[in-house]
Amino acid sequence: MDYYSSQISKLIDEFSRLPGIGTKSAQRLAFHMINMPKEQVEEMARTMVEARNNVRYCKECWTLTDREVCPICASSERDHKTIMVVETARDLAAYEKTGKYEGVYHVLHGAISPMLGIGPGDIRLKELMERLQGDVDEVIIATNSSLEGETTAMYISKLIKPTGIKVSRIASGVPVGGDLEYIDEVTLLRALEGRTEL
Ligand code: ZN
């Protein structure tokens, strides 16, 4: 039954499409928004539309950016011969927060998962291999320590080994199954410094 007017119901529906937002939260957000100053709502809506329209993948590392090449890849102060492979742009952000990593990244946008039917062709692996044709000294595999992350790490290391490029894996210490973005910076740094060659 539609207790609310159809516009409010539609707003609640829209919010409940977002991840982690149930019906109750969606209602709370909808009513909050209706009470917000009009200008603020307009600004919010504009920001959402602009971000959706302008944000794309960096053509080198595949992170999300609003430029053709992201600021990290465009920086001459970064070590472009060291590539850290991560699953998501959020993982990249977690390592950037440490402020200590000077190399560049490669964002896979997922991990290999036979159970979910995600194969090597479904993540940005081909693009990684293409980058390795260039001048690269080391690939640091920083996928999660979940089953999928480990499977992906093994797969990548097997692919890279024949090229003679050094391949390393971040140290465990990152809790099993832990999403990198929730791990504190000290733990991340320790995992990076304690990486082992595969
Ligand atoms: Zn980039």
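Observations, loosely collected:
- Alpha carbon centroid spacing (whole Å) that separates segment 48-66 from segment 130-147: 22 Å
- Averaging the sequence gap over all C-alpha pairs within less than 8 Å and six or more residues apart, then dividing by the number of residues, gives the chain a relative contact order of 15 percent.
- Per residue, the chain exposes 61 Å² of solvent-accessible protein surface, assessed with a 1.4 angstrom probe and all protein chains in place.
- DSSP beta bridges confined to the chain are antiparallel in about 25 percent of cases.
- Lysine pairs within the chain, Cα separation less than 27 Å, 8 or more sequence positions apart or different chains: 23
- Across segment 58-97, C-alpha contacts under 8 Å between residues 6 or more apart give a mean separation that, scaled by the residue count, equals a relative contact order of 28 percent.
- Globularity index of segment 12-123, i.e. its alpha-carbon radius of gyration over 2.2 N^0.38 Å: 1.39
- Nonlocal amide H pairs with I140, under 5 Å, H built at 1.01 Å: I83, M84, V85, S168
- Dimensionless Rg ratio for the chain, taking C-alpha atoms and the 2.2 N^0.38 Å reference: 1.24
- Summary of packing: across the peptides 162-171, 33-42, 136-145, the per-residue average of other C-beta atoms within 10 Å ranks them, highest first, as 136-145, 162-171, 33-42.
- For the chain, the carbon plus sulfur part of the accessible surface works out to 53%, probe radius 1.4 Å.
- Sites listed here are trypsin sites (Lys or Arg not before Pro) in segment 41-105 whose DSSP assignment is loop and whose Cβ has at most 15 other Cβ atoms within 10 Å: K59, R67, K100.
The values are calculated or read from the model by the stated rules, or taken from the named source; none is laboratory data. Quantities reported herein were computed from a predicted structural model and do not represent experimental measurements. Using ideal geometry, Cβ is built from the backbone for each residue, glycine included, and neighbour counts are taken over all protein chains shown. Heavy atoms of the whole protein, side chains included, go into the accessibility calculation; ligands, DNA and RNA do not. Shrake-Rupley method; radii C 1.70, N 1.55, O 1.52, S 1.80 Å.
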